[in-house]
Amino acid sequence: MATGTEPASGQIEPVEGWNEKMRILVVLAHPDDPEFFCGASIARWVEAGHEVHYCLLTSGERGVGERDLPAGELKRARQEEERAAAAVLGVRSVSFLDLPDGYLMPSLEARKQVVRAIRKVQPDVIVTSDPTNYFPRVNYINHPDHRLAGEIVLGAVFPAAGNRSFFPELIAEEGLMPVPVKEIWVTLTHQPDVLIDVTGYWEKRLQALYQHKSQVSDPAALRERQLSRRAPGSSAENPRFEEGFRRILLS
């Protein structure tokens with residue numbers, strides 16, 4: 001399994017193998033998913049000079065638990081929180097497709113919207129979630145939006161995003177030409193084949209998570225939980241943190 005480290009010199013060891021600057025599009029279900037799933041890796045990529053963009057399928061308007069907050073108010077708040085979190089990490093742009101939170105379905109219309117987003121950004125790399133991961137932890141069922149976001153995005157990447165025969169109206173009406181995505185990085189997966197040492201970026205991940213004030217009622221408890229997610233073999237005195245992905249090379 002490939003791993004990456006941050007050498008003492010401060011330079012980032014290119015475990016990704018990228019010898020040129022990459023444009024990365026992170027396509028996930030909800031505001032805060034990028035930061036919770038792979039925020040430290042995003043910080044690492046930005047510091048290395050890569051260009052990162054977000055496309056969130058929903059605005060997370062149902063992410064209130066038992067609190068009584070109007071959906072429109074929460075939608076605006078969560079969009080603002082995501083933009084603030086993205087700014088902490090150095091993300092270039094944030095867009096929202098405004099599909100219904102909690103009700104994602106792998107429809108052709110949803111796939112078309114993601115194809116549109118991909119063709120607009122023209123990314124080399126797409127990050128999305130694992131559609132097969134029902135049980136990320138022993139005591140947790142994965143949110144269906146997380147799984148279905150991955151299904152929608154993978155269906156948009158192949159075969160549609162790079163093939164002019166799919167959604168030709170995006171070319172005729174919007175001038176959005178096909179884009180050959182080079183790689184997919186699947187996060188929130190139980191089958192990682194790449195582990196990145198992101199110890200040097202864990203604090204920035206935390207600072208980004210703190211921006212999601214509607215979701216983080218107790219920042220101190222969040223910090224404690226996040227610092228407990230140490231990599232195997234490390235300790236509280238000498239912690240190491242990793243983020244895992246399943247990497248798919250398309251070209």
Within the range 161-177, count every residue that is farther than 21 Å from Ser107 by Cβ and of a type outside the set (A, V, I, L, M, F, W, C).
-> 2
For the range 118-133, what are the residues that are surrounded by fewer than 24 Cβ atoms within 10 Å (Cβ to Cβ) and either under 16 Å from Asp33 (Cα atoms) or touching a Cys at 6+ places or on another chain (Cβ under 6 Å) (or both)?
-> Pro131, Asn133
From the list Glu109, Glu81, which one is surrounded by fewer than 20 Cβ atoms within 10 Å (Cβ to Cβ) and either of a type in the set (Asp, Glu) or in contact with a helix residue (DSSP H, G or I) (Cβ under 6 Å, 6 or more places away or on another chain) (or both)?
-> Glu109
Hey, any hits in the range 177-194 for a residue that's in contact (Cβ under 8 Å) with a residue 24 or more places away in the chain, closer than 23 Å to Lys112 by Cβ and among the acidic types (Asp, Glu)?
-> yes
Considering every residue within the range 179-190, establish whether at least one is over 20 Å from His53 (Cβ atoms), modelled with pLDDT of 95 or more, touching a strand residue (DSSP E or B) at 6+ places or on another chain (Cβ under 7 Å) and surrounded by 17 or more Cβ atoms within 10 Å (Cβ to Cβ).
-> yes
If we scan the range 149-172, do we find a residue that is free of Cβ contacts under 8 Å to residues at least 40 places away in the same chain and within 20 Å of Glu82 (Cα to Cα)?
-> yes
Given the conditions (1) acidic (Asp, Glu); (2) in contact with a Leu (Cβ under 9 Å, 6 or more places away or on another chain); (3) over 18 Å from Tyr54 (Cβ atoms), and given that Asp197 satisfies all but one, which numbered condition is not satisfied?
-> (2)
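The values are calculated or read from the model by the stated rules, or taken from the named source; none is laboratory data. Since the structure is predicted, the reported quantities are computational estimates derived from the model, not experimental observations. Heads up, the Cβs are rebuilt from the backbone with ideal geometry, glycines too, and the neighbour counts pull from every protein chain shown.
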